[in-house]
Each structure stands twice: as C-alpha cells, then as structure tokens.
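The values are calculated or read from the model by the stated rules, or taken from the named source; none is laboratory data. Note that the coordinates shown come from a computational prediction; the quantities given were computed from them, not determined experimentally. Virtual Cβ from ideal backbone geometry, glycine too; neighbours counted across all protein chains shown.
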Amino acid sequence: MKHIDIKDIFSNPFYIGKTVTVCGWVRTSRDSKNISFLEINDGTTFRHLQIVIEKEKLSGYDEAMKLGTSVRIAGTCCESPVNGVEINAGFIEVLGACPGDYPLQKKRHTLEYLRTMPHLRVRTNTFNALLRVRSRLAAAIHEYFQSRGYVYVNTPIITGSDCEGAGEMFRVTTQDYDVTGLTREEYYAGDFFGRKAGLSVSGQLEGEVAAMAMGKIYTFGPSFRAENSNTPRHLAEFWHVEPEVAFAELPDIIEIAEDMIKHIISAVLEACPDEIAFFEKHFEEGLRDKLRSIVSHDFAVVEYTEAIELLQKADRQFNYPCDWGADLQTEHERYITEEVFKKPVFVINYPKDIKSFYMKQNPDGKTVAATDLLVPGVGEIIGCSEREADLDKLLEAMKARGMNLDDYEDYIELRKFGSVPHSGFGLGFERILMYVTGISNIRDVTLYPRTVGGIR
Ligand code: 4AD
C-alpha cells in the first residue's frame with residue numbers, strides 16, 4: 001500500500017478510523033507489560049507519530065524498537081487525547097536495521113558533538129526544525145522578490161574579478177602544482193581560463209549588469225570567502241541573497257531591505273509555529289516575541305559618526321579602538337544593536353576608506369552611501385550601498401585602491417553607457433537563519449559547514 005506522509009496523518013481528519021501505511025525512522029521506543037510504543041518521524045513534519053503495538057496482536061518486532069531503525073508500518077489511525085492521532089499497528093516491517101552503535105541514543109546531544117557527524121545530525125529534532133525553517137525562509141525570499149516584479153538571475157560562480165576588490169578568493173585551477181621556472185603571468189596564462197580565476201565572493205558586479213537592463217533583479221546562490229575567519233559567524237561557503245535595483249538610492253534600498261526582512265520573518269512565524277516553539281524552548285528564550293516585534297516595529301537608522309560617539313560615551317572598555325575612521329568590530333556592533341537600540345539598526349554613511357570601491361561617494365568627500373544592518377545576537381546580517389554611478393568618481397576610487405582596471409572593464413562600461421543611480425544589498429542567508437532560530441553558531445544552520453581547516 002502507498003504510504004502516507006506523517007504530516008498529512010496529523011493534518012487530515014479523513015484518515016481517522018482508516019487503515020494507513022506510514023514510513024519513517026524510529027525516534028523513541030518504550031516498552032510496558034502489554035503494550036510497546038514507538039515514535040517515528042519521516043521528515044515531513046516536526047512532530048513524531050506515535051505507534052501503539054499491542055503485544056498480543058503483534059510479535060517479532062524487536063528490531064523496530066531500536067532507535068534509528070527505518071520502518072514501514074500499517075495500522076489503524078486513531079484519535080489520541082495526548083498526541084492528536086496515533087497508529088494502532090497491525091503490521092511492522094523493518095526496512096533498515098540500526099545496530100546499537102548508532103550514535104544518536106541520547107535525547108539531547110551537544111551541537112559540538114553533532115558537528116562530528118553531519119550525515120546523522122540531520123536526524124535530530126534540531127536539524128529537523130532547522131532544515132524546514134531554512135527551506136521556508138528560502139521560499140519566502142523568492143516569494144518576496146517574485147511578487148514584486150524582480151527578475152531572478154544566476155550570476156557566475158567562477159569569476160575573473162574579485163568583487164570587493166580586497167576579499168580573499170579561493171583559486172580555481174586545473175594546473176598541476178609544479179610551477180618550476182614559470183613567472184606568475186606564465187603560470188596563469190597556462191591555466192584553464194588563460195588567466196587567474198576564483199570562486200565568486202559576491203554576485204553583485206554581475207547583478208549590477210543585469211539590473212542595468214532588467215531594472216530590479218535578485219540573486220540567491222553561494223558565495224565563497226577564503227578569509228581565515230574562524231568565528232561562529234563566518235563560513236567559507238555561504239548562501240547570499242543579493243537584490244540590485246536600478247533608479248534606487250540609499251533610503252530606497254534601506255526600505256526594501258527592512259520590508260523584505262519583515263516579510264520573510266512573518267512567513268516563517270506563520271508556517272513554522274512548532275519549529276519556532278522548539279527553538280524558543282531550547283535555544284533562545286522569548287524568540288517568538290522577538291520575531292513578532294521585528295515584524296511590527298520600525299528598524300533604527302543611525303549615522304556611522306553618531307554610532308562612534310555612542311561607543312565613545314559607553315560606560316565600558318572595548319577591546320578594539322572606536323575612533324572615527326575605524327571599522328566597527330563585532331563587540332561595537334553588538335553594543336549598538338543589543339544595548340543602545342535593542343532592535344535591528346541600519347548604520348549609514350561609513351568612512352569611504354574602510355568600504356568598497358563601488359560605493360557612492362557622499363558630497364562630504366569623507367563618507368560613502370553605505371549601510372550595514374546589525375541585529376541583536378548576531379551582528380551584521382546585511383551589507384548594502386548605493387553604487388557609484390559616476391564614471392570619473394568610480395575610476396578615481398579604483399585607482400586610489402591600486403586596482404587593475406582591466407579586470408573590471410565590463411563594470412566600468414556600465415557607467416559609460418546609460419548609467420543610472422542604483423543600489424543593492426547582500427543578505428547572508430545563514431546569518432538571518434541564526435537570527436530566526438536563535439542558534440548561535442553558523443556551523444549549525446547549514447547541512448555541511450565549510451570553515452577554515454574543516455571540510456567533510
Ligand atoms: O558585506 P558583504 O561582504 O557585502 C557584499 O558582498 C556585497 N557585495 C553585497 C551587495 O551589496 N550585493 O556581505 C554581505 C553579507 C554580510 O552582511 C553577511 O551577512 C554575509 O553576506 N557574509 C557572510 N556570511 C557567512 N560567512 C561569511 N564569511 C560571510 N561574509 C559575508
């Protein structure tokens with residue numbers, strides 16, 4: 001008989017009183033004198049389905065009592081005061097036995113321990129909830145942009161230019177490691193693309209190309225960073241949402257970013273109440289109220305200069321200096337968002353020297369029209385700016401940074417042929433997931449984290 005998703009068993013009263021077949025992995029088992037109980041999960045819902053086994057009706061199911069065993073069970077679907085519905089088993093087939101050295105025997109394991117077994121941690125409640133929220137959040141991002149007329153574009157993953165002009169790129173090569181006797185130029189010339197290539201740190205530059213024809217675009221794909229940042233907030237491979245909007249200035253893109261964050265959080269609150277309740281219980285007290293409050297309140301906006309003044313006035317010692325011109329460190333970002341504003345904050349108009357070449361230079365000659373969105377508990381989740389649309393100013397900023405203009409020929413030409421004001425941002429998908437779930441280490445919000453010294 002065709003099996004039915006456990007999600008449907010819970011949500012469709014049609015099955016009550018009927019004989020159904022369900023499949024799944026055994027998550028708990030318990031034995032009493034006349035009855036045994038199993039709870040199984042098939043991944044279609046956060047909830048486990050209770051299976052009631054009357055011993056006088058069924059025998060030979062000992063293997064099915066072992067945690068991790070995969071089973072197919074047929075039985076009568078009954079209403080249950082505690083569980084909503086349960087299955088009174090008439091038939092149990094073990095699809096795959098699971099011996100006693102299956103590591104997930106305890107009810108709760110530490111996240112650190114689970115990281116040592118990415119192929120099995122997906123079977124925990126935490127990952128069951130996480131992957132569902134992750135999937136819903138991704139769908140909500142597409143919904144948000146699609147329903148507002150944005151075109152989804154796929155920018156290249158292998159690139160010849162480093163978008164930020166500074167960030168460390170992973171090299172892409174088919175060369176043998178032996179480079180004896182070759183100059184750097186000769187070495188790259190002999191490589192697959194005939195020049196140096198790497199994994200993209202951001203789809204922005206190509207996203208701008210698309211926006212200069214399609215008006216409103218977004219990308220949603222992987223970005224790669226080779227920085228040696230071994231922190232709970234950095235991955236070497238992360239998913240990046242990057243809208244780019246023609247004719248939009250900094251205040252416009254800030255409005256879009258805030259609206260999008262509110263939309264996707266609302267979508268998760270609506271679609272994943274059980275998962276959010278789980279995260280609230282195990283990871284962050286008050287999570288649901290925090291998320292509800294995000295949706296119904298304005299985010300704060302503060303000038304970088306004012307943020308520096310707030311830090312200098314703070315009644316605490318920071319590890320890093322906070323003079324005007326310095327980049328904000330995590331400790332500064334967290335103080336501003338967690339202790340001063342206690343909500344998400346857009347810090348705007350950063351000093352131009354600490355930001356990227358493509359950001360629009362403000363008339364003060366000192367700052368650029370850029371913003372980072374900081375949120376309590378995580379810090380920066382969005383990097384955003386109006387782009388420099390003036391050819392001469394762009395060239396000046398690139399030359400000041402010693403950049404090789406030949407690598408950016410296409411990008412530069414966008415300013416020559418029909419340039420328009422435009423803006424965009426990059427949202428780190430795993431960072432927003434940390435915020436939405438309360439999980440504090442980025443390694444625990446992705447299936448297979450890639451970090452310095454860690455790949456599996
Ligand atoms: O601030 P970033 O570096 O901005 C850019 O890449 C721009 N080109 C985006 C744009 O304007 N289209 O990165 C944007 C966001 C960060 O705010 C952060 O959320 C995330 O990407 N991010 C990372 N997430 C995980 N691990 C890392 N190593 C990350 N680096 C950036």
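Brief remarks follow.
- The condition (being crowded, with 19+ Cβ neighbours inside 10 Å, more than 26 Å from the chain's Cα centre (by Cα) and in the same structural domain as N230 (by TED's automatic domain parsing)) is satisfied by just one residue among A307, A314, A370, A326: A307.
- Exclusive hit being out of contact with any Gly (no Cβ under 7 Å at 6 or more places or on another chain), farther than 21 Å from I412 by Cα, of a type in the set (F, W, Y) and in the same structural domain as G424 (by TED's automatic domain parsing), set F238, F247, F299: F299
- Subset of the stretch 383-406 [more than 16 Å from the ligand (Cβ to nearest atom) and surrounded by fewer than 17 Cβ atoms within 10 Å (Cβ to Cβ)]: D390, L391, D392, K393, E396, K399, A400, G402, N404, L405, D406
- Where strands (runs of 3 or more DSSP E) fall wholly inside the stretch 1-97, the ranges with 2 or more residues that are under 21 Å from A129 (Cβ atoms) are 19-31, 35-41, 49-54, 84-96.
- Qualifying residue in the stretch 3-17 (condition: basic (K, R) and modelled with pLDDT of 95 or more): yes
- Considering the stretch 175-232, and only residues there that are touching a helix residue (DSSP H, G or I) at 6+ places or on another chain (Cβ under 6 Å) and either free of Cβ contacts under 8 Å to residues at least 60 places away in the same chain or over 30 Å from L433 (Cα atoms) (or both), the residue that is farthest from the ligand (Cβ to nearest atom) turns out to be V179.
- Residues of the stretch 395-422 that turn out to be in a helix (DSSP H, G or I) and closer than 15 Å to K352 by Cβ, as a count: 6
- Boolean, R136 is over 19 Å from D407 (Cα atoms), outside any loop (DSSP other than H, G, I, E, B) and more than 14 Å from the ligand (Cβ to nearest atom): yes
- Members of the stretch 244-256 that are crowded, with 17+ Cβ neighbours inside 10 Å and more than 8 Å from the ligand (Cβ to nearest atom): V245, A246, A248, L250, I253, I254, I256
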